[in-house]
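*Asks:* Would you mind keeping the following structure in view while I ask a few things?
The values are calculated or read from the model by the stated rules, or taken from the named source; none is laboratory data. Predicted model only: the values in this text are computed from it and were never measured. All Cβ positions, glycine included, derive from the backbone under ideal geometry; neighbour counts span all protein chains shown. Calculation scope for accessible area: heavy atoms of the full protein, side chains included, ligands and nucleic acids excluded. Shrake-Rupley method; radii C 1.70, N 1.55, O 1.52, S 1.80 Å.
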Amino acid sequence: MSLHSSRRYIESFNYIYTPSSPSYPNLRQSFQQNPRWLNSTSSRPEFIVTPYSEAEIRAAVICCKKYDLQIRVKSGGHDYEGLSFLCQVPFIIIDLTNLRSISVDLEDETAWVDSGATVGELYYTIAKNSDVLGFPAGICPSVGIGGHFSGGGIGTMLRKHGLAADNIIDAYFIDVDGRILDREAMGEDLFWAIRGGGGASFGIVVAWKIKLVRVPPVVTVFTLHKNLDQECIQLVNIWQNVSSKLPRELFIRLVFQNSNRDDNGDQGMVEVLFNSLFLGPVKELIPLMEKSFPELGLDSKDCSEMSWIESTLYLQGFKSGDPLEVLLDRTVQDKSYFKAKSDFVEEPIPEYVWEALRGRISEERIGILILDPLGGRMDEIPESELPFPHRKGNLYNIQYLVKWTVDGADESERHVNWIRSLYDYMEPYVARSPRSAYLNYRDLDIGINKPGDVDYSQAAVWGSRYFKGNFEMLAEVKSRIDPGNFFTSEQSIPPLNHPGKNQLEHNSLRFDI
């Protein structure tokens with residue numbers, strides 16, 4: 001039986017919407033967290049499907065294959081480049097918003113999570129069931145599980161427990177022929193591919209089984225604000241050398257931002273936030289910091305103790321005292337236009353670079369750099385364990401982000417040019433051969449597939465940045481599960497098309513509904 005066999009199918013549900021449907025315009029825009037794509041002339045799907053069961057997804061796949069329509073699958077709508085809801089040829093959107101069931105099993109400390117659920121809904125449900133269990137996923141609560149898990153899933157507990165994808169133990173998957181497969185049925189190669197290789201390249205992941213992790217009853221958080229002066233630059237330099245070597249219970253990220261640039265264009269100070277989660281009480285944190293990072297000058301008065309679930313609100317920036325139910329809000333409260341890029345860093349960046357960045361960041365009212373430390377558990381997992389290869393040898397990753405609030409082509413071009421210039425400047429100081437990137441910070445600037453037949457060698461230009469040596473294996477899996485390249489986009493995995501490897505051999509287990 002399928003995961004949702006207990007969910008009664010009601011034929012009267014209206015789950016297919018055409019452009020003439022009254023609800024179509026709102027559905028088309030719903031949960032698109034980047035307004036940059038709302039006015040795209042290429043984003044009008046032939047249908048929007050909001051399924052309530054796997055049967056409806058299966059029917060949509062079979063129908064689209066018959067009538068030569070492409071499919072875009074949307075869970076939370078955070079796709080940085082809009083690939084989950086934009087397409088240049090006739091297509092439909094399968095919006096998984098109605099598939100957000102979460103079932104927690106306290107006995108074996110696991111949970112089944114639908115792809116349409118959000119990170120916030122997952123955290124909330126875990127906390128309502130247990131005070132000692134959590135899950136190592138991302139900070140933003142409105143991010144959809146489907147995209148977050150299938151891209152890897154960086155979060156604040158990755159130094160202790162790895163990525164979200166490192167803690168997935170089963171999945172329900174619908175392939176190009178409409179077959180519903182679990183881990184045993186799909187085989188280990190496909191199960192490997194969808195945990196970090198981007199599930200939409202291979203089919204549709206309906207649900208995930210995850211292994212929950214133990215969290216202490218009390219965690220500690222702090223955020224120290226420092227002006228980016230010479231003293232702070234020295235702290236940043238020390239952070240580069242120690243952050244990935246600290247005890248794995250301690251996660252300290254850096255956020256570079258313009259502290260007070262106003263709407264009149266006056267440049268303000270650039271500040272650095274030392275933003276941290278420690279899996280333990282403050283009485284354990286302070287001695288640890290005095291030993292490992294005394295230069296930061298952390299004091300107990302700078303820290304707050306709370307439960308793990310409360311820390312998820314704190315790290316997202318909610319106000320103290322906000323109810324846990326804010327995690328259930330599926331929309332971003334301060335929506336803005338944005339563009340992002342990413343890097344991984346293998347060697348400490350020279351101090352003069354941070355001095356130069358001070359001037360560059362001050363040029364943008366909302367120009368942000370977020371540096372997440374790696375090390376710990378991430379150093380113990382081989383590059384080939386999952387498609388996400390950025391493990392041992394990487395000190396931290398950088399997310400470059402620019403936001404703006406005024407619509408218009410000229411305004412958009414100005415901000416995008418700023419972040420591209422910043423990215424170009426950083427090239428000598430980050431990982432090279434290839435220059436690395438994180439799939440969940442999708443960036444079409446690093447390369448796209450040609451329309452029509454996708455050339456593997458061309459796709460490897462961008463694919464090697466996300467996946468390094470794992471890209472070829474992903475293409476091998478694609479050749480077996482989807483040799484005709486039905487599931488395709490500007491940055492989807494292409495088939496490798498090795499002779500004699502154009503079909504995936506499945507085990508006999510099938511899930512018919």
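*Asks:* Farthest toward the dipole's positive end in the chain, which of PHE278, SER243, PRO35, given Cβ charges of +1 (Lys, Arg) and -1 (Asp, Glu) about the Cα centre?
*Replies:* PRO35
*Asks:* Okay, moving on. Tell me, what is the percent relative contact order of the chain, built from C-alpha pairs under 8 Å that lie six or more residues apart?
*Replies:* Normalised by residue count, the contact order of the chain is 16 percent.
*Asks:* While we're on this one: Ranked from highest to lowest mean number of other Cβ atoms within 10 Å per residue, what is the order of the peptides 339-345, 390-396? Numbers along the way, then the final one.
*Replies:* Working: 339-345: 22.4, 390-396: 19.0.
My ranking of the peptides, most packed first, is 339-345, 390-396.
*Asks:* With the calculation restricted to Cα positions, what are the radius of gyration and Dmax of the range 252-359 in angstrom?
*Replies:* 17.4, 46
*Asks:* Pull up all non-local amide H partners of GLY77: gap of 5 or more, or a different chain, and H-to-H distance under 5 Å with H placed in the peptide plane.
*Replies:* When sequence neighbours closer than 5 places are left aside, the close amide H contacts are GLY144.
*Asks:* How much accessible area per residue does the range 236-331 have, in Å², with a 1.4 Å probe?
*Replies:* Working: 4540 Å² over 96 residues.
About 47 Å² of surface per residue is accessible.
*Asks:* OK, next. What's the local net charge at ARG159, with K and R +1, D and E -1, over the other residues with C-beta under 14 Å away? Numbers along the way, then the final one.
*Replies:* On the way: positive: LYS160, LYS245, ARG248, ARG253, ARG377, ARG391, LYS392; negative: ASP166, GLU249, ASP372, ASP379, GLU380.
Summing Lys/Arg as +1 and Asp/Glu as -1 gives +2.
*Asks:* List the residues, sorted by chain then number, that are 5 or more residues from VAL206 or on another chain and whose placed amide H is less than 5 Å from its amide H.
*Replies:* Hits under the 5 Å cutoff: TYR172, PHE173, ILE174.
*Asks:* If you roll a 1.4 angstrom probe over the protein chains with everything in place, what fraction of the accessible area of the chain belongs to carbon and sulfur, to the nearest %? Mind dumping the intermediate values first?
*Replies:* On the way: 9810 of 20940 Å².
Ligands and nucleic acids excluded, carbon and sulfur give 47 percent.
*Asks:* Can you tally the net charge around TYR17? Count Lys and Arg as +1, Asp and Glu as -1, for every other residue whose Cβ sits under 10 Å from the Cβ of TYR17.
*Replies:* Working: positive: ARG28; negative: ASP95.
Taking every other residue near TYR17 into account, the sum is 0.
*Asks:* Here's a follow-up. Considering only protein heavy atoms, what per residue accessible area in square angstrom results for the range 16-95 with a 1.4 angstrom probe? Walk me through the numbers on the way to the answer.
*Replies:* Numbers: 3380 Å² over 80 residues.
Roughly 42 Å² per residue, with all protein chains present.
*Asks:* Quick one: which residues, 5+ away or cross-chain, put their amide H under 5 Å from the amide H of PHE91? H built at 1.01 Å from N.
*Replies:* Amide H neighbours of PHE91: GLU46, GLN70.
*Asks:* Something else now. Write out the trypsin sites (Lys or Arg not before Pro) in the range 281-331 meeting two conditions: DSSP loop, and at most 14 other Cβ atoms within 10 Å of their Cβ.
*Replies:* Numbers: sites: LYS283, LYS291, LYS301, LYS319, ARG330; in loops: LYS319, ARG330.
Passing both the DSSP loop test and the Cβ count: LYS319.
*Asks:* For a quick check of your reading of the filter: which trypsin sites (Lys or Arg not before Pro) in the range 425-484 sit in a DSSP loop and have no more than 14 other Cβ atoms within 10 Å? Could the numbers behind the result be given before it?
*Replies:* Working: sites: ARG432, ARG435, ARG442, ARG465, LYS468, LYS478, ARG480; in loops: ARG432, ARG435, ARG442.
Here the trypsin sites (Lys or Arg not before Pro) that fit, given the DSSP loop and packing criteria, are ARG432.
*Asks:* I've got another one for you. In whole Å, how far is the Cα centre of the range 438-453 from that of the range 76-94?
*Replies:* First find each Cα centre; the distance between them is then 13 Å.
*Asks:* Quote the charge dipole size of the range 59-112 about the Cα centre in Debye, to the nearest 20; the model charges only the Cβ of Lys and Arg (+1) and of Asp and Glu (-1).
*Replies:* Values: 5 positive and 8 negative charges, 106 e Å.
So the dipole magnitude of the range 59-112 works out to roughly 520 debye.
*Asks:* When the Karplus curve 6.51 cos²θ - 1.76 cosθ + 1.60 is applied with θ = phi - 60°, which whole-Hz ³J(HN,Hα) does each residue of the range 117-125 get, with x for Gly and Pro?
*Replies:* 6, 10, 4, x, 5, 5, 4, 4, 5
*Asks:* So, one more: Among the lysines, select those whose C-alpha is under 26 Å from the C-alpha of LYS245, and discard any that sit fewer than 8 residues away in the same chain.
*Replies:* LYS160, LYS211, LYS226, LYS283, LYS291, LYS301, LYS341, LYS392, LYS468
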